[in-house]
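Computed from the coordinates by the stated procedures, all read-outs in this text should not be read as laboratory data. Please read all numbers here as calculations on a predicted model, not as lab measurements. Every residue, glycine among them, receives a Cβ derived from its backbone with ideal geometry; neighbour counts consider all protein chains shown.
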Amino acid sequence: MQNAAEVPATAEAGTVFARRARLTDGWARDITLRIESGRITAIDIGVSRPPGAIAVDTLLPALGNLHSHAFQRAMAGMTERKQAGQDSFWTWRTLMYAFLERLTPEHIEAIAAQVFLEMLEAGYAAVGEFHYLHHQPDGSPYNDLAETGARIAAAAAETGIGLTLLPVLYTHGGAGCQPVEGGQRRFANSPDRFARLVESTRSAVSALPPDTVVGIAPHSLRATDPDGLTATVTAHPVGPVHIHIAEQTREIEQIEAWLRARPVEWLLANQSVDRRWCLVHATHMTPDEIDGAARSGAVAGLCPITEANLGDGVFEGPRYLAAGGGFGIGSDSNVRIALGEELRMLEYSQRLRDRARNVLVPREGSVGETLYLGAAAGGAQALGRGAGTLATGSLADLVAIDGSDPSLAALSDGQLLDGLCFAAGDRVVTDVWSAGRHVIRSGRHPRREEIRVRYARAVSDLINP
Ligand code: NGQ
Ligand code: ZN
């Protein structure tokens, strides 16, 4: 399965020479960066290229993609036809449930490998896979409770992407402990069985590189209940905790009717939300909720392309940033995997709403730097990766871009990240290292063809049963 000669399972050691790099406190020229055991162990500035070093143009910390449902990639483009009545998030969800009914573990692995490869080629070094497709179509578990999680792990191992695997607790079909129905049967676990699922998931990733993380993901307040949520969070006192929250206005109404508080309000009052939490979407918040979420230290998991695609609404960026809130970026439904475009969509949605320019900067300065470096730090925090900045001791999650690309060639160092967000496409990515694994070279993944062929076979099997 895995070709160790092409994508090393253990982190390489080596030296990277960059014409320029965005270090923690600013730009530097002619740097070497030493990688050992997957970490940055030394950075030297103003040096000449040492023999044997891999030379790149512009080196940046690579982003982690903090929220993905890999399987949804295979239905991209299948839900964009208007049907009778008003199409909504909820009608999309019905189509998504119908789609996932047919997925086998083999399909899940083939799709995830393609998705992870596309993420790496887009410049992401790691992914948070919010994984809820656990069981067989009739709801009975596979022999190995973590069968499908093991498929996600295999896809991560094959591609070399850094994996934070987030098995999902999904107990109820809707707010107020409604029964699970139809496609939801593949997701469902009691808190007790979920605890066993997390243990099996840990075994499933045990052969992966040491930067691999297992966290937990209560799916949403809708799909859990207060006691199950508390018990689960208490039983897993370390590692990332991700939850979908306040994405749709109907969800706000249902949670208010049931729990007598808005979703974020309820969560902040009833759970110990802190730096290990990632609040995915957090679209609809009152000013008090925004301030409380920002103060909690949690990361807002923003998924701008999917949120636009699903008609969720627009995140209240200015107040959240002013309150010091942390954020990161996720590709969620994977309808399109494009890193610069996520950041651009995030800023453009604010501009369209506010009829203003350069919105997502708390005081003054570059929007691109604020978004890119903010998402690098927030993404790393949410994924439990000691990455997000080019500094000694950090995990070597690196991306190199070609500053001589026509979209970037005219820009100064201080304008470069604005160019990356607003002018360039992800084709400017030349190299990616994930925890020191040099997985993208000359913009390509070494297993691109095999993975693509396997993906094509899987989707053809899905559409022509
Ligand atoms: C998901 N996606 O879990 O894939 C959800 C849809 C739900 C987004 N929320 C299902 N974007 O929320 O129940
Ligand atoms: Zn999601």
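Annotation note: of GLY292, GLY324, the sole residue that is farther than 27 Å from ARG355 by Cβ, more than 12 Å from ligand 1 (Cβ to nearest atom) and not hydroxyl-bearing (Ser, Thr, Tyr) is GLY292. The residues on offer are ARG93, ARG81, ARG73, and the sole one that is farther than 30 Å from GLY384 by Cβ and either surrounded by 14 or more Cβ atoms within 10 Å (Cβ to Cβ) or away from ligand 2 (no atom under 15 Å from the Cβ) (or both) is ARG81. Which one is nearest to ARG437 (Cα to Cα) among residues in the stretch 201-241 that are within 16 Å of ligand 1 (Cβ to nearest atom) and out of contact with any helix residue (DSSP H, G or I) (no Cβ under 7 Å at 6 or more places or on another chain)? Top of the filtered list is GLY215.
Looking at GLY365, GLY317, can you tell me which residue is buried (at least 21 other Cβ atoms within 10 Å of the Cβ) and either away from ligand 2 (no atom under 15 Å from the Cβ) or within 18 Å of the chain's Cα centre (by Cα) (or both)? I'd like the intermediate steps shown before the answer.
Working: GLY365 fails: buried (at least 21 other Cβ atoms within 10 Å of the Cβ).
Step by step, each of GLY365, GLY317 is checked, and only GLY317 is buried (at least 21 other Cβ atoms within 10 Å of the Cβ) and either away from ligand 2 (no atom under 15 Å from the Cβ) or within 18 Å of the chain's Cα centre (by Cα) (or both).
So which residues in the stretch 320-349 are crowded, with 22+ Cβ neighbours inside 10 Å and among the polar types (S, T, N, Q), if there are any at all? Answer for the stretch 320-349, where residues must be crowded, with 22+ Cβ neighbours inside 10 Å and among the polar types (S, T, N, Q): SER331, SER333, ASN334.
Select, from GLN86, GLN136, the only residue that is of a type outside the set (Ser, Thr, Tyr), surrounded by fewer than 24 Cβ atoms within 10 Å (Cβ to Cβ) and in contact (Cβ under 8 Å) with a residue 40 or more places away in the chain.
Working: GLN86 fails: in contact (Cβ under 8 Å) with a residue 40 or more places away in the chain.
Sole residue among the options that is of a type outside the set (Ser, Thr, Tyr), surrounded by fewer than 24 Cβ atoms within 10 Å (Cβ to Cβ) and in contact (Cβ under 8 Å) with a residue 40 or more places away in the chain: GLN136.
Among the residues making up the stretch 219-236, those that are free of Cβ contacts under 8 Å to residues at least 60 places away in the same chain, within 22 Å of ARG385 (Cα to Cα) and under 22 Å from the mean Cα position of the chain (by Cα) are VAL233, HIS236.
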